[in-house]
Each structure stands twice: as C-alpha cells, then as structure tokens.
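S.K.: Before I ask anything, let me first share the structure, which is written out below as structure tokens.
The values are calculated or read from the model by the stated rules, or taken from the named source; none is laboratory data. Not measured: the values here are computed from a predicted model. FYI the Cβ positions are ideal-geometry reconstructions off the backbone, even for glycines, and counts take in every protein chain you see. Note: accessible area is taken over every heavy atom of the protein model, side chains too, but ligands, DNA and RNA are not part of it. Shrake-Rupley method; radii C 1.70, N 1.55, O 1.52, S 1.80 Å.
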2 protein chains.
Amino acid sequence: MTDLITPSSIREHELNQALEALFYGFKAVVARPDAMLAEQGLSRVHHRILYFVGHNPGLSVNELLGILGVTKQSLNGPMRQLGRLGYIQTRQDTRDRRIKRLSLTDSGQALETALSGDQRARFARVFKQLGAKDEQAWRRVMNKLADR
Amino acid sequence: MTDLITPSSIREHELNQALEALFYGFKAVVARPDAMLAEQGLSRVHHRILYFVGHNPGLSVNELLGILGVTKQSLNGPMRQLGRLGYIQTRQDTRDRRIKRLSLTDSGQALETALSGDQRARFARVFKQLGAKDEQAWRRVMNKLADR
DNA sequence: GTTATTAGGTCAGTCATATTGACATTTTAT
DNA sequence: ATAAAATGTCAATATGACTGACCTAATAAC
C-alpha cells in the first residue's frame, strides 16, 4: 500500500517545494524595496505607480487605474503623496485638456531606479551565476505559469 | 553614444521582463485560491494557516506565530474563523497541557488540498509541458533568488 | 447651443486587517 | 509560594481599499 501511494506523495512534496520556492523568492525580491519605501512612509503601491509611470511616460490617470486595477479613490492618496514628495509631475494633454499626462521627475526616476534596480540586480546576479540556459528556462516556466 | 548605452538598456529591459514575469506568475498562482477563499469570506492568511498546520500537524500556536510572523492578536481572528468553520481542531499536549496542538479536520484537509492542489496542478502542468530540465533550472533560480 | 458624457478629484462611510498594550487563565517551572 | 510560559481576549489605533455621492472642467453629441 505504501508502495502505491508513495510515488505521488513524492511528486506532491516536490510541487510543494516549488510553491514555497515561489513564495520565498517573491518575498526576497520585494523585501529590500519595501524597506526602502517604508523609510519614506511609502509602500509597494507607490513602487507600482512609479514603475508603470516610469515605463509609460505620458500615461493618463485612467490608464494607470486600468493597469493597477484599483479605484480612483484608493489611487488618489498614494498619487498625492508622490506628487507632494516631488516624484511625479503632470502636464495637460494638448488636444484634450481634461487629461493629465503623468511622468516621473528626475528624483522620481532616481527612486524608481533604486527600487527596481535592486530587484534587477538580484536577478542579474542569479542569472549570471546560473547561466543563460537556466535564465531562459526560468522565463519559460514563469510565462507559462502566468498564461491562462 | 546610443551605441554605448543601448546594450545595457537591452539587458535592463530583459531584467524588467523577468520582474514582470515574477509578479504576473505569482499573481496567477494565487488568483484561483484567493477566489475560492473569498467565497467563504476567507483570505490568503487562512490558506497560509491551513498550509502550515496541514504540513506540520501538532504545531503549537506559538510555533505557528513564528512561522507566519504575525502577532497572536492578528492570528486570533482567522484561527477562530477556521475553528468555527470546522477546518481546524486542537488537542492539548499530553505533557504540557498549556500547549494546544493544532491539526486540520477532514474538511480542513480537503480545503487545503483544494487550494494548494490547484497551485500544484498549475505547476505540474507547466513542468510537464516544459520538461524536467526546465523544472530544475527554475528551481535553481528561485532558490538562489530567495538566498540572501 | 443645450445636454450628455468623460477625466479627474474629493468627501464620507464602511470594512478588513494588523498593530500595540493591557489583562486574565491555566499550567508548568523555580 | 512565586515566577514564567502558552494561550486568549478586549480596547484603541492605524492603514488601506472599497462603494457611493457629489463636484469641476472640458469635450462630444444632438
């Protein structure tokens, strides 16, 4: 009986290890940026805003809401903080003056680089240690995980 | 000038894609379990409790607090819910009767299996599609990411 | 050229979660 | 007998996200 159920249990255990690897890896990647943000009274939401505005300059508020999947009320607070701290600037769209085009200031770009740069450096170090083969395999797995 | 800065920008972009792959992969893995839990008014914390109690039956409350890294006050609520829903049972330690030994009920085990099973199935499908080589590479990358 | 709609912002209320602090109970250790 | 540990609970506080309502300014539609 033990012989019959053991093989699937071994695989189940391996898959549990994969689950834990995902959670602990994720935790490790966000730990330092979270700590940096906390020093300024900010949190992971602010990083998400900085990241998407930084990589899509000229984004409108509505587009950002769509990307983040939050309500404008819950975005409003973090956005005001980022504006007050001088990390985000806005300019009116020239054709439709209702629309605010968002972008990072220099210091906003610097903060974003510090945050995401820490994460990129972590990946870069791991990829360099393990090689391009492992990197490509890792990407295949992650992309398929996110698939459907 | 462009020739000088482009190579590093390409790599930066690749690393950004790795970052996004991690976030979207993680999101995909927790999406279904989160939805299942929400149907019963539960959340990811409850899953974490079920997971660790299920894999460490006989755990004490203090040990669980250590694993989860939360306060006993914040654990108390979710634990009471899980007890009231009949997912978790306790028995006194025989030698030290101050200690409550936690374990899952049959229905608790069933719920845990449904939740983590969905996640394991997602991994199993991806690993099966991509093969053992990719699986091992993925594990190496995740474990190194979590390292220090 | 009114009217409707859109982009953005804000106020109020609610709900969930996590925290600290204080305190109580039971049981074990000294 | 007293100290300490394991657990539980009450209260107050803080945060963050949500819905709903309402507002302005600007554009679109009729």
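S.K.: Expressed as an acute angle from 0 to 90° and rounded to the nearest 10, what is the orientation of the C-alpha long axis of helix B:106-130 relative to the principal long axis of chain B?
M.R.: 20
S.K.: If each Cα of the stretch B:91-142 is one equal point scatterer, what is log10 of I(q)/I(0) from the Debye formula at q = 0.27, 0.28, 0.30, 0.32 Å⁻¹?
M.R.: Once normalised to I(0) and log-transformed, intensities are -0.96, -0.98, -1.03, -1.07.
S.K.: Label-to-label distances across copies for residue B:80, with labels 7 Å out along Cα→Cβ, in nm, shortest first?
M.R.: Here residue B:80 shows inter-copy label distances of 3.4 nm.
S.K.: If we hang a label 7 Å off Cα along the beta carbon direction at residue A:27, how far is it from the matching labels on the other copies, in nm, shortest first?
M.R.: For residue A:27, the inter-copy label distances come out at 2.2 nm.
S.K.: What accessible surface, in Å², does a 1.4 Å probe find on residue A:10, ignoring ligands, DNA and RNA and rounding to the nearest 10?
M.R.: 90
S.K.: Sticking with this one: With a 1.4 Å probe and all protein chains in place, put A:98, B:95, A:44, B:139 in order of accessible area, largest first. Mind dumping the intermediate values first?
M.R.: Details: A:98 200, B:95 220, A:44 105, B:139 30 Å².
Highest to lowest solvent-accessible surface, that is B:95, A:98, A:44, B:139.
S.K.: To continue, here is another question. What is the percent of Cα-Cα separations in the protein assembly as shown that go past 27 Å?
M.R.: The share of Cα pairs beyond 27 Å in the protein assembly as shown comes to 53 percent.
S.K.: Next question. I'd like to know which of B:17, B:29, B:59 lies farthest towards the positive end of the charge dipole of the stretch B:2-146, counting +1 on Cβ of Lys and Arg and -1 on Cβ of Asp and Glu.
M.R.: Result: B:59, furthest along the dipole toward the positive end.
S.K.: Also, I was wondering about something else. Return one number: the angle in degrees, 0 to 90 and rounded to the nearest 10, between the long axis of the Cα atoms of helix A:72-84 and the longest principal axis of the Cα atoms of chain A.
M.R.: 70
S.K.: Tell me, what is the percent relative contact order of chain B, built from C-alpha pairs under 8 Å that lie six or more residues apart? Could you put the intermediate results ahead of the total?
M.R.: Numbers: 102 pairs, mean separation 32.5, N = 148.
About 22 percent, as a whole number.
S.K.: Let me ask another. Within 10 Å of each Cβ in peptide B:124-134, how many partner chain Cβ atoms are there on average? Round it to a whole number, please.
M.R.: Averaged over the peptide's residues, the number is 4.
S.K.: Another one. Report, for residue A:43, each distance to the same residue's label point in the other copies, shortest first and in nm; define the point 7 Å along Cα→Cβ.
M.R.: The projected label point of residue A:43 is separated from its counterparts by 1.0 nm.
S.K.: Put one equal scatterer on each alpha carbon of chain B, apply the Debye formula with no solvent term, and list log10 I(q)/I(0) at q = 0.22 1/Å to two decimals.
M.R.: -1.36
S.K.: From the cross-link list A:133/B:27; A:72/B:144; A:27/A:128, which pairs have alpha carbons spaced over 31 Å apart? The partial results should precede the final answer.
M.R.: Numbers: A:133/B:27 25 Å; A:72/B:144 38 Å; A:27/A:128 21 Å.
Pairs exceeding 31 Å: A:72/B:144.
S.K.: Same structure, new question: Describe numerically, in nm with one decimal, the distance between label points set 7 Å from Cα along Cα→Cβ at residue B:80 and at residue A:11.
M.R.: Distance between the two pseudo-spin positions: 4.3 nm.
S.K.: Enter the angle in degrees (range 0 to 90, nearest 10) between the Cα long axis of helix B:44-55 and the first principal axis of the Cα atoms of chain B, meaning the one along which they spread out most.
M.R.: Once rounded, the angle reads 70 degrees.
S.K.: Further, regarding this structure: Roughly how big is the A-B contact, given as buried accessible area in Å² (both sides, 1.4 Å probe, nearest 100)? Mind dumping the intermediate values first?
M.R.: Values: alone 10830 and 10800 Å², together 16980 Å².
So the total buried area for this chain pair works out to about 4600 Å².
S.K.: If you take each beta carbon of peptide A:65-75 and count the beta carbons of other chains within 10 angstrom, what is the mean?
M.R.: 0
S.K.: Pick out, from A:126, A:136, A:107, the residue whose Cα sits farthest towards the positive end of the charge dipole of chain A, with +1 on the Cβ of Lys and Arg and -1 on the Cβ of Asp and Glu.
M.R.: Farthest towards the positive pole: A:107.
S.K.: Might you work out the accessible area of residue A:126 for me, using a 1.4 Å probe with all protein chains in place, and round it to the nearest 10 Å²?
M.R.: Probe radius 1.4 Å; accessible area of residue A:126 about 0 Å².
S.K.: Report the residue of chain B with the smallest Cβ-to-axis distance, using the rotation axis that brings B onto A, in whole Å.
M.R.: Output: B:137, 2.
S.K.: Treat every Asp and Glu Cβ in the stretch A:1-117 as -1 and every Lys and Arg Cβ as +1, leave all other atoms uncharged, and give the resulting dipole magnitude about the Cα centre to the nearest 20 debye.
M.R.: Computed about the Cα centre, the dipole is about 900 debye.
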